[in-house]
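First the structure, in the form of structure tokens, and then the observations on it.
The values are calculated or read from the model by the stated rules, or taken from the named source; none is laboratory data. Computed from a predicted structure; not experimentally measured. Please note: Cβ atoms are built from the backbone with ideal geometry, for glycine as well, and neighbour counts cover all protein chains shown.
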Amino acid sequence: MNEPWWIDAIKAVVIVNLLLGMFAYMTWVERKLIGRMQQRYGPNRAGPFGLLQPIADLVKLIRKESFFPATAVDILYITAPMVSAATALAAFSVIPFGAGWHVWHYDISGEIMNVSISLIFIFALGSLGIYGFIVGGWASDSKYALLGSMRTCAQLVSYEVALALSVLGVVLMAGSLSLVDIVERQQDTIWYAVPQLVGLLVFFAAGTAETNRPPFDLPEADTELVAGYHTEYSGMRFGLFSMAEYVNMITLSGLCVTLFFGGWIGPWSPLGPLWFLLKVLILIFLFIWLRATLPRLRYDQLMAFGWKVLLPLATVNALVTAALVVAFR
Amino acid sequence: MSPRPVDSFRGFGVTLRQIFKKPITQQYPEYKRPLYPRFRGRHRLWRHANGMEKCVGCSLCAAACPADCIRVVAEENTAENRVSPGERYARIYEINLSRCIFCGYCELACPFDAITLEQEFEISEYSRDDLIYTKDMLLAEPIKRVPVADRDLYDTPVPAYQTRS
């Protein structure tokens, strides 16, 4: 589509701001929802219904003493959270959240950038984000941070494999690696959640482990190894790591919706972003529900689950899908 | 019976149902739970019906205090200045509430029922010096901010030897 560059720039600014706002209020939703699931109120003192709680947390983080360990490697220590946060935000640039619109004489496409290999692009950015965690833990020059970051990275790298394999079924059925094409194919045929149910379950489980969410959050739980890779971080640097984790969660929900639940497809096409947002919110509710219900997996159980359960399931799913696609060609 | 795999999914149902039940949290400043009548809160010094203080400055409370937070300096009662019915009165009576453990031993030790522990516990201050309560502060009526449960329902009858005038 012949689209002027400044429309892309405006879309990028809008999306990044929306993502950051959504990250802040997702912490509010999580705390309130987990509170209600545990028969208590969530935060309800800062503003009506606690709606100003994220603002209060933000002000607290900014005003905290952002200490700097004397023996930490300066440049790596400072840029590690930046790398994680930047890749988490950048991964959202290829997710289609609407069909194209035609406003005045401009064509506005439904995503910021359409790349023909956008699925690989997102996985590549996710792997780059892991660098932030490795380097952050190592550059802190603290044994707990180092151990925590090693655990985190072993976990993330293991579940990357299962994650990437679980979407192979979708790619085979759609015949393309581009997310735009995948959504458009789901408009013609059925939403891929139905034929690819195993792939969806593996994707969701691997995605939960990929973003360090409970029940796979052993590396960063408070009772384990102090706080893992972000032990030596405080103030807004810690806020950046936290933001990277939540934005990863939002991106993963967005990816899951795009691949399995039809992306922006809904009753009325120009309102695409609204359906997309609704589906992403339902998936985020699932993440929060998982957190409130399940206990933490021990580290060896975690690694065993990733390699011995999810990887074979994803492989078998891909093989069966490939066989069926060829058979019914 | 040993846990089956399906039990993990029933756990999800439990958390989902809990969203729709009313939380059991009691919101503190808006709702204050009634205290039992014998609740040991801030101390209070009492007077007789005719206005004279009951405390004679005998320092038994200071001797009984495990945290050593009461300071009593006694003074002779003169004919012009008769504060208490007895030979002496407490000229200086201070309790350091930051040290007090609210055990109630001073109340038990006092032979004249001059000091009791009332039901006021909201005594936070911004500096430790403000927590040293002097005699006139202790003589004053405590501010009633928290409801107290009905004495006849929740307490044993007051013994005859203990007066509270």
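For (1) buried (at least 21 other Cβ atoms within 10 Å of the Cβ); (2) in contact with a Phe, Trp or Tyr (Cβ under 6 Å, 6 or more places away or on another chain); (3) touching a residue at least 12 places away in the same chain (Cβ under 8 Å), each residue gets a yes or a no:
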| site | (1), (2), (3) |
| --- | --- |
| A:Gln155 | yes, no, yes |
| A:Ala162 | yes, no, yes |
| A:Phe204 | no, no, yes |
| A:Ala209 | yes, yes, yes |
| A:Leu218 | yes, yes, yes |
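Among (1) without any contact (Cβ under 8 Å) to a residue 40 or more places away in the chain; (2) out of contact with any Gly (no Cβ under 9 Å at 6 or more places or on another chain); (3) more than 10 Å from chain A (Cβ to nearest Cβ); (4) not in a helix (DSSP H, G or I), there is one condition B:Lys21 misses while meeting the rest; what is its number?
The one condition B:Lys21 does not meet is (3).
Could you please find all residues in the range A:64-81 being loosely packed, with under 14 Cβ neighbours inside 10 Å and in contact (Cβ under 8 Å) with a residue 60 or more places away in the chain?
Once the filter is applied, which keeps residues that are loosely packed, with under 14 Cβ neighbours inside 10 Å and in contact (Cβ under 8 Å) with a residue 60 or more places away in the chain, the range A:64-81 yields A:Glu65, A:Phe67, A:Thr71.
Within the range A:310-322, identify whether any single residue is in contact with a Ser or Thr (Cβ under 8 Å, 6 or more places away or on another chain), among the polar types (S, T, N, Q) and away from chain B (no Cβ under 14 Å), and answer yes or no.
Within the range A:310-322, one or more residues are in contact with a Ser or Thr (Cβ under 8 Å, 6 or more places away or on another chain), among the polar types (S, T, N, Q) and away from chain B (no Cβ under 14 Å).
Out of all the residues in the range B:98-136, which are surrounded by fewer than 16 Cβ atoms within 10 Å (Cβ to Cβ) and within 22 Å of B:Glu75 (Cα to Cα)?
Listed by number, the residues that qualify are B:Pro111, B:Asp113, B:Thr134, B:Asp136.
If you check B:Arg47, B:Arg10, B:Arg38, B:Arg4, which single one turns out to be within 30 Å of A:Val29 (Cβ to Cβ) and modelled with pLDDT under 90? Break it down stepwise before answering.
On the way: B:Arg47 fails: within 30 Å of A:Val29 (Cβ to Cβ); B:Arg38 fails: within 30 Å of A:Val29 (Cβ to Cβ); B:Arg4 fails: within 30 Å of A:Val29 (Cβ to Cβ).
Exactly one of B:Arg47, B:Arg10, B:Arg38, B:Arg4 is within 30 Å of A:Val29 (Cβ to Cβ) and modelled with pLDDT under 90, namely B:Arg10.
Could you tell me which numbered condition A:Ile95 fails, if it satisfies all but one of (1) at pLDDT below 90; (2) buried (at least 17 other Cβ atoms within 10 Å of the Cβ); (3) more than 14 Å from chain B (Cβ to nearest Cβ)?
Unmet condition: (1).
Would it be correct to say that A:Leu286 is over 14 Å from the mean Cα position of the chain (by Cα), within 30 Å of A:Met82 (Cβ to Cβ) and in a helix (DSSP H, G or I)? Lay out the reasoning, then the answer.
Values: over 14 Å from the mean Cα position of the chain (by Cα): no; within 30 Å of A:Met82 (Cβ to Cβ): yes; in a helix (DSSP H, G or I): yes.
So A:Leu286 fails the test.
For the range B:30-97, list the strands (runs of 3 or more DSSP E) that sit wholly inside it and hold at least 3 residues that are buried (at least 16 other Cβ atoms within 10 Å of the Cβ), in contact with a strand residue (DSSP E or B) (Cβ under 7 Å, 6 or more places away or on another chain) and in contact (Cβ under 8 Å) with a residue 24 or more places away in the chain; which are they? Spell out the reasoning first.
Numbers: elements: B:43-45, B:70-76, B:88-96.
Filter on the range B:30-97 gives B:43-45, B:88-96.
Mind listing just one residue for me: the one in the range A:27-56 that is of a type in the set (A, V, I, L, M) and free of Cβ contacts under 8 Å to residues at least 60 places away in the same chain and, of those, farthest from the other protein chains (Cβ to nearest Cβ)?
First, the residues of the range A:27-56 that are of a type in the set (A, V, I, L, M): A:29, A:33-34, A:37, A:46, A:51-52, A:55-56.
Applying the additional criterion that residues be free of Cβ contacts under 8 Å to residues at least 60 places away in the same chain yields A:46, A:51-52, A:55-56.
Working: A:Ala46: 14, A:Leu51: 17, A:Leu52: 17, A:Ile55: 22, A:Ala56: 18 Å.
Here the answer is A:Ile55.
Look at the range A:265-306 and say how many of its residues are charged (D, E, K, R) and within 13 Å of another protein chain (Cβ to nearest Cβ). So that I can check it myself, show each step before the final result.
Let us first name the residues in the range A:265-306 that are charged (D, E, K, R), namely A:279, A:291, A:296, A:298, A:300.
Cutting the leftovers down to within 13 Å of another protein chain (Cβ to nearest Cβ) gives us A:291.
Residues in the range A:265-306 being charged (D, E, K, R) and within 13 Å of another protein chain (Cβ to nearest Cβ): 1 in total.
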